[in-house]
Every structure is written in C-alpha cells, then in structure tokens.
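The values are calculated or read from the model by the stated rules, or taken from the named source; none is laboratory data. All values reported here derive from a predicted model rather than from experimental measurement. Cβ sites come from the backbone with ideal geometry, for glycine too, and all protein chains shown count toward neighbours.
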C-alpha cells in the first residue's frame, strides 16, 4: 500500500517546492511617463507608484524627468514610510541630446535582499557608432544572495521611437562591452524598447542583432500588450536575457506585463495619470528555497 502513495507524495512535494520557487525574486521595468515634480505632488499617483515599486525586488524606472532632483527622493521617502521593507535607489545623470528634454534611469531596490556592486554610465562617444543612443544605457550590477545566480547585471534602455531599430541593434554592442568589462554572462536587458507596432517594422527585425542572436532569450510573448490605452496593443516594453545560467534561473512563464489598472481597480484615465505603459516583470528562482526543496526530496527518496 505504501508503494502506491509514495510516488504521489513525492509528486505533490515537488509541485509545492516549484510553487514556492515561483514566488521568489521579482525584477521589473516601468516607463513612468514623465515622472517628475508634478507627478510627485499628486497623492493618488504616488500611491499607485509606491504599490508598483514595492511589488519588486528591483525595478527600473524610465522617463524620470526630475530636473529639480526632488521627485526621486520624495518617492523613496514615501516608499520607506509605507513599506515593511526598506528601499534605496541609484540613478543615472540626466540624459538626452537636447537640454530641453532629458531623462534619467533609476533603479529602486529592496535593501534587505539586493545591493549595488557596480555601476557604469556609457559615454556618448564610445568606439563604433558615435552617439548611437538618445539616452545612453546606465548599467548596474547587483548582488542578490537569495537568488540562484547570486549576482546579475541590468542594462536599461528607453529607445527613441524614431530610432528604435538602430538603438536596439546598438544595445548588442553594449552587451558585449559589459560581458568583457565585468567578466559575466548573467546580464539582462530591459526597458521600453519601442519594440513593436510602428516603431519596429517586421522587415527590420533581421537588422537587430539583439533579436537575431540565438543565444539571447526574449522573455515576453510577442502578443503581450504593455500599453494602458484600450485603443493600442503593442509589446513596446521588453526583457531580454543573456547567458544560460541566468536563463535557467528564470521561473518559466513568469515574464509578463503587470496590469495595474485592473489590479488597482482604476479607470483608464486614472491609470493614464500614472503612466501609459504597464510595468513588465520576471521572476528569478530563490537559491535558498531551491536548496531546501532539493534536500527534502533527496531525504524522501532515501526514506522510500
């Protein structure tokens, strides 16, 4: 009789372990659509932003237009007042070819599970195609000891809509530079790539090495809608993974767009006050949970 229920018990425990792993470490990217002084004074918008940020262990914010350098500290302060766990952030310089329009990249991260171990602002005069980006990538290396991979690098990019194909292709060169600079394969590229609809024609995909390289894994399905407006359905925001080890650490099918409008029960206009994009996210397996599950299963096999 025991021989009949033991396989069922093992299967149930394995499924439970996989479920626990799936609730592990969340990496997000969010185009916050002109986040600056005006939005930081809107209590309703800030409440939604706090909810969005605190779902994630690490989140990239784009379209930060904080010319007075007050909006990001204000967001951090509100997060740390309302969250059970403390956060910090690291931000790029203000980037853009025109003084009239500049943005920053900002990474907010949960300090209890993540730390910054390196950062690098790519210059606009690097070798190759001079000034390929409207906003050069601000690359950050993180240590996350609770994950299987322990450490990873994030390369953010908010492409210019009118030059999305060229900028996405140029990201491939940035990836190679980062691999050499920090001697790592655990690299994720993420952000609003404008990688769909009118900004990336199907005929141009073969020109983008970030797409044609078979060793790179694009995590979000092509039919993902990362836009808030009901009148659009485009997969602008993307997550791309380099390296077998990092790819294996991704929880299968966990990459998605987070529909905060539906989750927070907002009208379309209320959601658009926050952003016209949804955040995109992916989960990494927890190393501690994976180890405990493995030991438990070995013990059960031995006892059987």
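Couple of notes before you dig in:
- The set of residues in segment 197-219 being crowded, with 22+ Cβ neighbours inside 10 Å and under 18 Å from the mean Cα position of the chain (by Cα) consists of 210 alone.
- Checking each residue in segment 119-178 for being within 17 Å of residue 58 (Cα to Cα) and out of contact with any strand residue (DSSP E or B) (no Cβ under 8 Å at 6 or more places or on another chain) picks out only 145.
- Odd one out for residue 40, checked against (1) surrounded by fewer than 17 Cβ atoms within 10 Å (Cβ to Cβ); (2) more than 26 Å from residue 240 (Cβ to Cβ): (1)
- Matching residues, segment 126-185, being farther than 22 Å from residue 103 by Cβ, in contact (Cβ under 8 Å) with a residue 60 or more places away in the chain and part of a loop (DSSP other than H, G, I, E, B): 145, 146, 148, 149, 185
- Summed over segment 33-55, the residues that are touching a strand residue (DSSP E or B) at 6+ places or on another chain (Cβ under 8 Å) and over 28 Å from residue 161 (Cβ atoms) give a count of 1.
- Highlighted here are the helices (runs of 4 or more DSSP H) found entirely within segment 191-295 that include at least 3 residues which are farther than 23 Å from residue 44 by Cβ and in contact (Cβ under 8 Å) with a residue 60 or more places away in the chain: 244-249.
- Qualifying residues in segment 82-96 (those that are within 21 Å of residue 146 (Cβ to Cβ) and not in a strand (DSSP E or B)) - the one farthest from the chain's Cα centre (by Cα): 84
- Selection status of residue 84, within 21 Å of residue 286 (Cβ to Cβ), surrounded by fewer than 21 Cβ atoms within 10 Å (Cβ to Cβ) and at pLDDT below 95: yes
- The residue of segment 97-116 that is modelled with the lowest pLDDT, among those that are part of a strand (DSSP E or B), out of contact with any helix residue (DSSP H, G or I) (no Cβ under 7 Å at 6 or more places or on another chain) and crowded, with 16+ Cβ neighbours inside 10 Å, is 102.
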